[in-house]
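Values quoted throughout were computed directly from the atomic coordinates according to the rules given, and no laboratory measurement underlies them. Since the structure is predicted, the reported quantities are computational estimates derived from the model, not experimental observations. Every residue, glycine among them, receives a Cβ derived from its backbone with ideal geometry; neighbour counts consider all protein chains shown.
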Amino acid sequence: MTLKSSAIVAATLLGLALAYYLECAIWPWGKCSRCDGTPGKNMSPAGKHWRPCRRCGGTGKQLRVGRRVWNFIQRRRQAGQ
Ligand SMILES: [Zn+2]
């Protein structure tokens, strides 16, 4: 791999990371990985009763990893002022 092609790869990865970061800033929530965004999935064997998912507390949503990074940076920035 030449220096030029590795620079292109690095720039592409940086661009993708930035796009992901911005996307997480705009759309912070993802589907809960445990209940797949449907908290009513934890059904009883009878199929009539359910309990909220323990991971998301029944909301069906989960904060995305990129948004956690975003929040961390925002908090540090506020602490610095
Ligand atoms: Zn859940």
| query | Looking only at trypsin sites (Lys or Arg not before Pro) in DSSP loops with at most 11 other Cβ atoms within 10 Å, what is the longest site-free stretch of the chain? | reply | 1-47
| request: Note down the nm distance, to one decimal, between modelled labels 7 Å out along Cα→Cβ at Trp29 and at Arg77. | output: 2.3 nm
| request: Determine the gain in length on full extension of the stretch Asn42-Ala19; use 0.36 nm per residue of separation and subtract their C-alpha separation, reporting nm with one decimal. | output: 4.8 nm
| Mind checking the angle between helix 3-26 and the chain's longest principal axis? C-alpha axes, 0 to 90 degrees, to the nearest 10. | 40 degrees
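Quote to one decimal, in nm, the extra length available between Leu63 and Thr2 on full extension: 0.36 nm per residue of separation minus the C-alpha distance between them. Mind showing how you got there, number by number?
Numbers: separation 61, 0.36 × 61 = 21.96 nm, distance 3.90 nm.
That works out to 18.1 nm of additional length.
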| note | Residue by residue through segment 44-50, the couplings from Karplus 6.51 cos²θ - 1.76 cosθ + 1.60 with θ = phi - 60°, in Hz, x for Gly and Pro, are 6, x, 6, x, 10, 10, 8
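Per DSSP H run of n ≥ 4, the term is -39500 (n - 2.57); total these for the chain, divide by its residue number, and report the mean residue ellipticity at 222 nm rounded to 500 deg cm²/dmol. Write down the numbers at each step before the final one.
Values: 2 runs with 40 residues, N = 81.
The helix contribution divided over the chain gives -17000 deg cm²/dmol.
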| request: Please report Rg over Rh for the chain, where both radii come from the alpha carbon positions and Rh follows the Kirkwood definition. | output: 1.24
| remark: Looking only at lysines whose Cα falls under 30 Å of Lys31's and that sit 8 or more positions away or on another chain, we get Lys41, Lys48, Lys61
| request: Name every cysteine in the chain that ends up alone, with no second cysteine's Cβ under 4.7 Å, or say none. | output: Cys24
